[in-house]
1. Starting from the alpha-carbon convex hull of the stretch 79-197, give the projected area averaged over all orientations, in nm².
2. Report the far tail of the P(r) of the stretch 52-133, meaning the percent of Cα-Cα pairs longer than 18 Å.
3. For an R0 of 41 angstrom, estimate the FRET efficiency from the Cβ-Cβ distance between Ala56 and Asp125 and round to the nearest 0.05.
4. What spacing in nm lies between the two simple spin-label points modelled at Arg23 and Arg77, each 7 Å away from Cα in the Cβ direction?
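Bear in mind that the values in this text are calculations on the coordinates, not laboratory data. Quick caveat: nothing in here was measured; it's all calculated off a predicted structure. Backbone-built Cβ (ideal geometry, glycine too); neighbour counts: all protein chains shown.
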Amino acid sequence: MRTPALEQLVRTTETPRAEASDRCGLCGAPVPDEHRHLLDVTPESGARSVECGCRACSLLFQQQAASNGHYRLIPQRRRRLAPFPTQPLGVPVGLAFFVRRRLRGVERVVAHYPSPAGATEWDLDDAAWQRAAAACPPLGGLEAEVEACLVDTARGHQEFWIVPVDDCFRLVAIVRQHWRGLSGGSTVWPAIAEFFAGLSEQD
């Protein structure tokens, strides 16, 4: 099921506020073409939105204590992972991303997969995720909310990554833009391949 919070995240990633106004979403200062993003999480409801951040605001929110559980700086880390079994996770497609979420003190891992309608949420069995993390220990170090495990095993691909969560929203936008018909058409799969080809490891 696609949640309102995720719908908002996809919309703000497809049309970033700073691209329209060239302004930081927090203080209104100008931002350059290359800038960081902040995830705005409402602690009570878990509602989320993505804001573009100027250098000063990005530096401020590098310290988690500054956010009071509200704004989180989306990291830039990208790490290629060794392949691990994804079938036991029960996600019905090969292209998916997994995010640790905290809501009212409860933490769980939520799966999403890009679709022509946006990102579809999939309930994940906690025990299955723990087994996946045991097979791939870096999964245990995912930063809640702001990092994701992104996998693509569709059509024989073997892409396994830890990425900033805004990379996932960018991929959702690519799928929405290029998907045609029931099977995706002729442009969506090359566009997805181009997206993964553009990923590079970064600390």
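1. Details: hull surface 28.7 nm².
The number I arrive at for the stretch 79-197 is 7.2 nm².
2. Numbers: 1937 of 3321 pairs.
When every Cα pair of the stretch 52-133 is considered, 58 percent fall beyond 18 Å.
3. Values: r = 42 Å, r/R0 = 1.03.
About 0.45, to the nearest 0.05.
4. 3.4
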